[in-house]
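The structure appears right after this line, and notes come after that.
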Amino acid sequence: MSGRGRRNLHIEAYRHRVVVDPKYAEKTWKILEHAIHEIYNNNASGLSFEQLYRNAYNMVLHKFGEKLYSGLVTTMTSHLIELGKSIESAQGGLFLEEMNRTWTDHNKALQMIRDILMYMDRTFVPSMHKTPVYELGLNLWRDNIIRSSNIHIRLQSTLLDLVRLERCGEVINRGLMRNIIKMLMDLGPSVYEEDFEIPFLSVSADFYRVESQQFIECCDCGEYLKRSETRLNEEIERVSHYLDPKSESKITNVIKNEMVQGHMHSLVCMDNSGLVNMIVDDKYEDLTRMYKLFKRVANGLDLIRDVMTSHIRETGKQLVTDPEKLKDPVEFVQRLLDEKDKLDRIINLAFNNDKTFQNALNSSFEYFINLNPRSPEFISLFVDEKLRKGLKGVSEEDLENLLDKVMMLFRYLQEKDVFEKYYKQHLAKRLLSGKTMSDDAERSLIVKLKTECGYQFTSKLEGMFTDMRTSRDTMQGFYAAMGAEIADGPTLTVQVLTTGSWPTQPSPNCNLPLDILGVCEKFKTYYLGTHTGRRLSWQINMGTADLKATFGNGQKHELNVSTYQMCVLMLFNNADSWTYKDIEQATEIPASDLKRSLQSLACVEGKNVLRKEPMSKDIDKNDIFFFNGKFSSKFYKVKIGTVVAQKESEPEKQETRQRVEEDRKPQIEAAIVRVMKSRRTLDHNNVVAEVTKQLQSRFLPNPVVIKKRIESLIEREFLERDEVDRKMYRYLA
C-alpha cells in the first residue's frame with residue numbers, strides 16, 4: 001500500500017449539550033434534608049435509602065458536593081442544638097440518662113447518614129480535605145453538646161460527684177457511667193483527657209491527700225496499709241468497669257504519691273506498729289502489703305531494706321554481746337538459728353523472696369556474728385551437742401536441714417580456721433568416747449565442709465575416721481596374737497591416733513593401776529613389734545573405763561567412768577577413805593582434772609559413788625573422801641560423766657588463739673609467695689590486698705601480721721625490697 005493512499009481519521013466529541021434543571025440542586029437537597037430530619041426523628045422506616053444514595057451521588061457528580069456538605073453541617077447542627085436543650089432540661093439523675101439516650105440516637109443517625117452520603121465521603125471529602133461524615137458528626141456533638149456552656153461543667157461535676165459517692169461507699173449506676181465515659185473516649189483522646197481524666201486525677205489527689213492524713217492520725221501502720229491497699233484495688237476495679245485502661249497507671253500513681261510516698265517514713269517508723277514491730281510480731285500480711293505498696297514508690301524498698309538491716313544488726317549485736325546470753329553456747333547458737341529462720345520466712349512469704357533483702361540479711365548476720373570472737377567455738381559446741389546426744393528420734397531429712405542451717409552460720413564466719421580448730425577437738429572427743437550418735441551425720445557435715453572450703457580444710461578430719469577404722473583392725477590383731485597372755489586381766493581397747501591428724505594434746509603424768517599398766521605395756525610391745533619406726537604416747541586424759549563395783553548392801557553396778565576417775569576409784573579397793581592430798585599424790589593426776597573427777601564422783605546426785613566431808617559442791621584440798629556403801633541406782637549400768645566447763649576458760653582460750661595464730665603464719669607466707677611468684681614485682685598495698693583476697697575464705701589476715709611475714713620472707717631471701725622504692729617488693733627465684 002502506497003503512502004499516497006493513507007488517510008487520517010478524526011473522532012469528534014459528542015456535541016449534544018446536557019441540560020440540568022437550574023433548581024435541581026435545591027430540590028435534591030430538600031429531599032436529602034427531609035430524610036435527615038426523619039432519621040433524627042426516628043421515622044426512617046419509610047425512607048428509600050437506595051433513592052437517597054442516588055440523589056446524593058448525583059449532587060456530587062454534578063459538582064454540588066459543597067452544597068451537600070454545608071447543608072449537612074447546618075442540618076446536623078440545628079438538630080444537636082435542639083438535643084442540647086433536651087439534655088439541659090433534664091434534672092438530677094435524669095441528666096446523664098438523657099445524654100446517654102440522645103448520644104445513642106445520634107450515633108444511629110450518624111451511621112445511616114454516612115451510608116446515604118457514602119459517595120461524598122469517598123470522593124468529595126478527600127479531594128476537598130473535609131472531615132468525613134461520621135467524624136464530622138462526632139465533632140459537632142462535641143462542640144454543640146459536650147462543650148456547650150450549659151452542659152460542659154455540669155457533665156464534668158456530675159461524673160466526678162458520682163465517683164466521689166462511690167468512693168464513699170454508695171452504689172452508682174456503673175453501666176450508665178461506662179456509657180458516658182465511652183462517649184467521651186469515642187469523641188477522641190483529647191476529649192476524654194481534657195473533659196474528664198485531668199480533673200478526675202486532680203480531684204482524686206485532693207481526696208486521697210485528705211483521707212491519708214485522716215488515716216495516719218487514727219490508724220496504726222497495719223490498718224493504714226490495709227486501707228491503702230483497699231483504695232488501690234478499688235481504683236483498679238473502677239478503671240476496669242468504666243474508665244479508659246490507660247487511666248489505671250495514672251490513678252494508681254495518685255494513690256502511690258498521696259497515700260504511700262508522702263507517709264513512707266512515718267509508716268515505717270510508726271511507734272508500736274511500724275516495720276520493726278511487724279518483723280518482731282511476724283505480721284506477714286502487713287509486711288506483704290508494705291512490700292507491695294512501697295515497691296510502687298521510688299526508693300520505697302530501699303527504705304524498708306535499710307530499716308530492716310538496721311534492726312537485724314542491732315538485735316544481733318545485743319544477742320552476741322549480752323553476757324547472760326553467752327553463758328550457754330548451745331542456746332546462743334539456737335537463738336541465731338531461730339532468728340535466721342524467722343527472718344528467712346519473712347523474706348520468703350512477705351518480701352517475695354527478694355534477693356536484695358536476702359543479701360541484706362546475709363550481710364547483717366555476717367556483721368554481728370563476727371562481733372563475738374567466740375562464735376566459731378560456740379557453733380562447734382552446738383554441733384558437738386547435737387551430734388553427741390541431741391539427735392535421738394530425728395529423721396535424716398531433719399538432720400540434713402539442721403546441718404544445712406549450721407553451714408549457713410559457718411559461711412558467715414570470718415575465722416573459719418578457728419572453727420576448724422575447735423571442731424577437730426570436739427570431733428576427737430566424740431570419736432574416742434564413742435559418744436557420736438551417727439557416723440553418717442558426722443561424715444555428712446564433713447562433706448559439706450569439704451564442699452565449702454576444699455579438701456585441705458577437711459583432710460585431717462577424714463584422717464581421724466581412717467585412724468578409727470585402722471585401730472579396730474589393730475585390736476583384732478592384738479587379741480589374736482596375745483589373747484592367752486591377757487585372758488585373766490582387764491579388757492583393753494586402744495585407739496592409735498596419727499599425730500598430724502588429731503588435735504595435739506599434752507600428755508600429763510598419771511599413775512595407772514598395776515594390772516592396767518601391765519596390759520598397756522603388752523599392747524605397746526605388740527604394736528612396736530608390728531610397726532617399725534613408730535613411737536607411742538599414751539593420751540590417758542582422753543580414755544574411758546568400765547568398772548564393776550559392789551556396794552554395802554550387796555548391790556552390784558557397772559560404772560562407766562573416765563580413765564582418771566578409774567584411777568581414783570580403784571584406790572578404794574585398798575582403803576575406805578582417802579584425803580584429797582593422798583589421792584593427788586597416789587595418782588599424780590593434774591589438779592584441775594582431779595578436782596573435776598572427784599566432783600563428778602562425790603557431788604552429783606544419783607552418781608555419788610563417793611561421799612566427801614565436809615559436803616559441798618566444790619572440791620577443797622582438805623576434803624576427805626569415803627566409799628559410799630549406801631549408793632543405789634535403778635540402773636545396772638551407771639554412766640558417770642566428768643564435770644567440765646563447756647566453754648573454754650580464759651587461759652585455754654588464749655592458748656587456742658595462740659595455736660591458731662601460729663598455724664596462720666605459714667598459710668600467710670604461702671599466699672605471699674604465690675602472689676609474688678605470679679606478679680614478680682608488686683607494691684606493699686597490693687600484696688596485702690591480694691593475700692587477703694586469697695585467704696578470706698578461711699580467715700581475714702591482719703595487715704600487721706602480713707607485714708611481719710613479708711619481713712620474715714625478706715630475711716630468708718624469698719623476697720627483696722626495691723632499692724629506690726622501699727614499698728616495692730621483688731620476688732627472688
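The values are calculated or read from the model by the stated rules, or taken from the named source; none is laboratory data. Since the structure is predicted, the reported quantities are computational estimates derived from the model, not experimental observations. All Cβ positions, even for glycine, are placed from backbone atoms using ideal geometry, and neighbour counts span all protein chains on display. Accessible surface is based on the protein model in full, side chains and every heavy atom, while ligands, DNA and RNA are left aside. Shrake-Rupley method; radii C 1.70, N 1.55, O 1.52, S 1.80 Å.
Some values worked out for this structure:
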quantity	calculated
Coil-residue trypsin sites (Lys or Arg not before Pro) of the range 312-346, DSSP, other Cβ within 10 Å capped at 11	327
Given charges at beta-carbon only (K, R positive; D, E negative), |dipole| of the chain in Debye	2260 debye
Rule-of-thumb Rg ratio for the range 183-326 [Cα; 2.2 N^0.38 Å; N residues]	1.33
Cα long-axis angle, helix 375-388 against the chain (0 to 90 degrees, to the nearest 10)	70 degrees
Solvent-accessible area per residue for the range 67-139 (1.4 angstrom probe, square angstrom)	46 Å²
Point-to-point label distance, residue 370-residue 658, nm (Cα→Cβ direction, 7 Å offset)	2.7 nm
The range 61-102: trypsin sites (Lys or Arg not before Pro) in DSSP loop, at most 14 other beta carbons within 10 Å	63
Surrounding net charge for residue 120, when Lys and Arg each add one and Asp and Glu each subtract one, Cβ distance under 14 Å	+2
Nearest 10 degrees, 0 to 90: helix 329-349 Cα axis against the chain principal axis	10 degrees
Selection from 68, 128, 599 lying farthest towards where the dipole of the chain points positive, charges on Cβ	128
Proximal lysine pairs, the range 275-326, alpha carbons under 27 Å, eight or more residues apart or interchain	5
Coil-residue chymotrypsin sites (Phe, Trp or Tyr not before Pro) of the range 496-548, DSSP, other Cβ within 10 Å capped at 16	538
Once the Cα gyration tensor of the chain is diagonalised, semi-axes √(5λ) in Å	99, 35, 25
Surface/4 estimate of mean projected area, convex hull on alpha-carbon atoms of the range 257-391, nm²	9.0 nm²
Restraint check, 327/405; 548/637; 250/355; 556/634; 226/355, Cα-Cα greater than 20 Å	327/405; 250/355; 226/355
Pairs beyond 22 Å (Cα-Cα), from 448/708; 435/612; 524/581; 416/693; 416/595; 421/460	448/708; 435/612; 524/581; 416/595
Helix axis angle, 355-369 relative to the chain longest principal axis, alpha carbon, degrees	30 degrees
Inter-part distance where the range 118-167 and the range 696-724 are each reduced to a Cα centre, Å	85 Å
